[in-house]
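One structure is given below, encoded as structure tokens.
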Amino acid sequence: MKRVVFLLGSPRGVKTGTESIANYLEARLPGIEVQRWRAHQIFRDGDQVAAFGESLRGAQLLVLCTPVYVHSLPWPFQEVLAALDDSPNRGGLSGLNVMTVIHSGYLEDIQRQTCFEMCQHFCRETGMVYRGGFGFGASPLIDGRPLESTGRLMRWVRRALDEMATCIAHDRELSGKATALIHRHFALMPRWLMIPLMKLKVERDAKKAGVDYRARPYAIDEPVTGTTDA
């Protein structure tokens, strides 16, 4: 039986857009064994990272699925990749195929470019084979829901993942069709409309969590006077 391993980058648990993406893709890989690892759960545990590395031996594919954190890969995710790169047994991973799904709040492709370059660099350093990937914005709108329930909102994301699943099942690199489909995601929604929609989402989540996102905990109410001599 073919085996595909997912490494997920979200540090926020199982009710996330990252998990929703992984769930959707796994459901479209019938007859393929899927193993799922979460970087934030294993990055501090050397034994767990080693077990993750062992799970890659004999696998058909590694899928790197992660959100963007401050224009980069989440730190726990980076730590797991670095541990694999430093592993004395990394030679056994040479030739393993890798695909990526990288998502973010911002719509522009440039917001995710650094993450793609980091993943491709990881493949070069370890001898793995980069087989393509795609990214998309507005992923906070998934809000941990099954992708099937997001309707038109994530229609093109679902179609791109469908195409990715087909490529995985047939041992092909990611097709240009998947990239073309994902580029239609919010292609017709103007920036002036997307920004206030995302702002409303942030305000709603902050209110639900009891967070005042306008708070300035380090603000100085009184002007600073006087000088300090060295």
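Only the coordinates and a few stated rules stand behind these numbers; no lab work does. For clarity, every value in this text was computed on a predicted model and none was experimentally measured. Note that we place each Cβ from the backbone using ideal geometry, even for glycine, and neighbour counts take in every protein chain shown.
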### Summary
When the charge dipole of the chain is computed with +1 at the Cβ of Lys and Arg and -1 at the Cβ of Asp and Glu, the Cα pointing farthest to the positive end, of H170, I102, G13, is that of H170
### Query
Going by average Cβ neighbours within 10 Å, how do the peptides 52-61, 88-97, 129-138 rank, with the highest at the top?
129-138, 52-61, 88-97
### For segment 35-41, 3J(HN,Hα) per residue [Karplus equation, 6.51 cos²θ - 1.76 cosθ + 1.60, θ = phi - 60°, Hz, x = Gly/Pro]
10, 10, 10, 10, 4, 5, 8
### Message
If you wrap a convex hull around the alpha carbons of segment 3-208, what volume per residue comes out, as a whole number of Å³?
### Response
113
### Task
Starting from the Cα of K199, draw a straight line to each of the lysines and keep only those under 30 Å, dropping any in the same chain fewer than 8 residues away.
K15, K207, K208
#### Entry: Cα-projected label distance for R172 with T114, points at 7 Å along beta-carbon direction, nm
3.5
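From the P(r) of segment 1-51, could you give the percentage of C-alpha pairs in the tail past 14 Å?
55
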### Query
What distance in nm separates the simple spin-label points at E148 and A82, each placed 7 Å from Cα in the Cβ direction?
4.0
#### Entry: Simple label model, 7 Å out from Cα along Cβ direction - Q41 to V14, nm
0.8
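Report the FRET efficiency, 1/(1 + (r/R0)^6), for R204 and A51, where r is their Cβ-Cβ distance and R0 is 45 Å, rounded to 0.05.
0.70
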### Query
Where does helix 75-86 land angle-wise versus the long Cα axis of the chain, in degrees 0 to 90, nearest 10?
40
### Task
Kindly express, to the nearest 10 degrees and within the range 0 to 90, the angle between helix 17-27's C-alpha long axis and the longest C-alpha principal axis of the chain.
20
### Query
What is the helix-to-structure angle for 155-169, meaning the angle in degrees between its Cα long axis and the longest Cα principal axis of the chain, kept from 0 to 90 and rounded to the nearest 10?
30
### Message
Ranking request for peptides 149-159, 207-217: highest mean number of other beta-carbon atoms within 10 Å first, then the rest in descending order.
### Response
149-159, 207-217
### Message
Nearest 5 percent is fine: what portion of the DSSP beta bridges confined to segment 3-208 is antiparallel?
### Response
5
### Summary
With no solvent term and unit scatterers on the alpha-carbon positions of segment 154-206, Debye gives log₁₀ I(q)/I(0) at q = 0.13, 0.19, 0.20 Å⁻¹ of -0.46, -0.70, -0.73
### Query
Taking Cα pairs under 8 Å and at least six residues apart, what relative contact order does the chain come out at, in percent?
19
### Task
Sum -39500 (n - 2.57) across every DSSP H segment of at least 4 residues in the chain, then divide by the residue count to get the 222 nm mean residue ellipticity, nearest 500.
-13000 deg cm²/dmol
